[in-house]
Each structure stands twice: as C-alpha cells, then as structure tokens.
Amino acid sequence: MIQFVLPSIPESVRIARFHVRAALSFHDLSEYISDAEIVTSELVTNAIRHVAEDPAETIGVSLARVWWPVAVAVIVTDSSPDGPIIRDTFAIRERGRGLHVVEALSVHWGWHPVPGGKVVYAVLAREE
C-alpha cells in the first residue's frame with residue numbers, strides 16, 4: 001500500500017495525480033494509470049470541497065494492490081462526515097459529474113464513515 005497526505009487546497013489534485021502515476025509506474029501497474037488518475041482527481045476534488053478548502057485540513061490518498069482478482073484500489077480520506085452523493089443525471093450541470101465518472105471507471109466504489117471523517121474508495125480492475 002502507498003499512502004500520502006496532502007493539504008486541502010486545489011493544487012493538491014494535480015499533486016495527487018502525479019503521485020498516483022509515479023507509484024503505479026514504479027510497481028508495474030501502468031495499465032491502471034489513466035483511470036486511477038481520473039478517479040483520484042474526482043475523489044480528491046470532492047474531498048477538498050467537503051472540507052471547504054481549509055489548508056489546515058488534510059486529504060489522505062492511498063493506493064492498494066489487490067491480488068485476486070487483480071485490481072487497484074484508490075482510497076481517499078477527509079475530515080468531513082458527509083458522504084458523497086451521486087446527483088441525478090438530469091440535474092447535472094457544470095459540476096456534479098465526478099461520481100458518475102468514478103462509477104463508470106470502477107468495478108466497485110463506496111464510502112464509509114470513520115472517526116474524524118470518512119473514507120471514499122474505488123476499485124479498478126482489468127479483464128484478463
């Protein structure tokens with residue numbers, strides 16, 4: 001498992017993508033890079049919005065390799081107790097598409113509360 005913590009600022013989205021790309025490349029998991037970068041961007045962006053872009057707050061990002069079946073999990077933690085909400089597709093405007101993207105790219109995604117906040121995760125798998 002690879003973990004890192006970032007401040008709750010918009011620039012952290014780009015930094016998170018960089019770390020995800022580097023980690024997956026290093027561990028010979030390049031086939032997951034594109035989807036993992038997109039999912040990470042969406043989940044980190046949502047986390048920053050939920051903690052009101054307070055740089056004193058942090059966002060945790062973890063990557064975990066699942067061995068059977070082979071998959072990669074992207075896990076994002078933040079201090080907000082509020083769970084993610086998929087917006088009705090008719091209500092989607094400029095914002096609100098992120099979780100639809102996460103759902104489309106992952107075989108499973110979800111969230112659960114933890115002391116001091118929540119964890120949101122998405123599992124990315126490839127057909128073999």
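Here are a few things to note about the model shown:
- Remark: VAL120 falls outside the filter, which requires a residue to be touching a Lys or Arg at 6+ places or on another chain (Cβ under 7 Å), modelled with pLDDT of 95 or more and under 21 Å from ILE2 (Cα atoms).
- In the range 63-78, the residue that is farthest from ILE9 (Cα to Cα) out of those that are surrounded by 17 or more Cβ atoms within 10 Å (Cβ to Cβ) and under 14 Å from the mean Cα position of the chain (by Cα) is VAL72.
- The single residue among SER80, SER62 that is modelled with pLDDT of 90 or more and in a loop (DSSP other than H, G, I, E, B) turns out to be SER80.
- Criterion (within 20 Å of PRO113 (Cα to Cα), touching a residue at least 40 places away in the same chain (Cβ under 8 Å) and not small (Gly, Ala, Ser)) met by exactly one of VAL44, VAL5, VAL66: VAL5
- Single residue of the range 1-53 satisfying the filter (part of a loop (DSSP other than H, G, I, E, B) and closer than 16 Å to ALA64 by Cα) that is nearest to the chain's Cα centre (by Cα): MET1
- Among the conditions (1) among the charged types (D, E, K, R); (2) loosely packed, with under 15 Cβ neighbours inside 10 Å; (3) within 18 Å of ARG126 (Cβ to Cβ), GLU37 misses just one, which is (2).
The values are calculated or read from the model by the stated rules, or taken from the named source; none is laboratory data. Quantities reported herein were computed from a predicted structural model and do not represent experimental measurements. All Cβ positions, glycine included, derive from the backbone under ideal geometry; neighbour counts span all protein chains shown.
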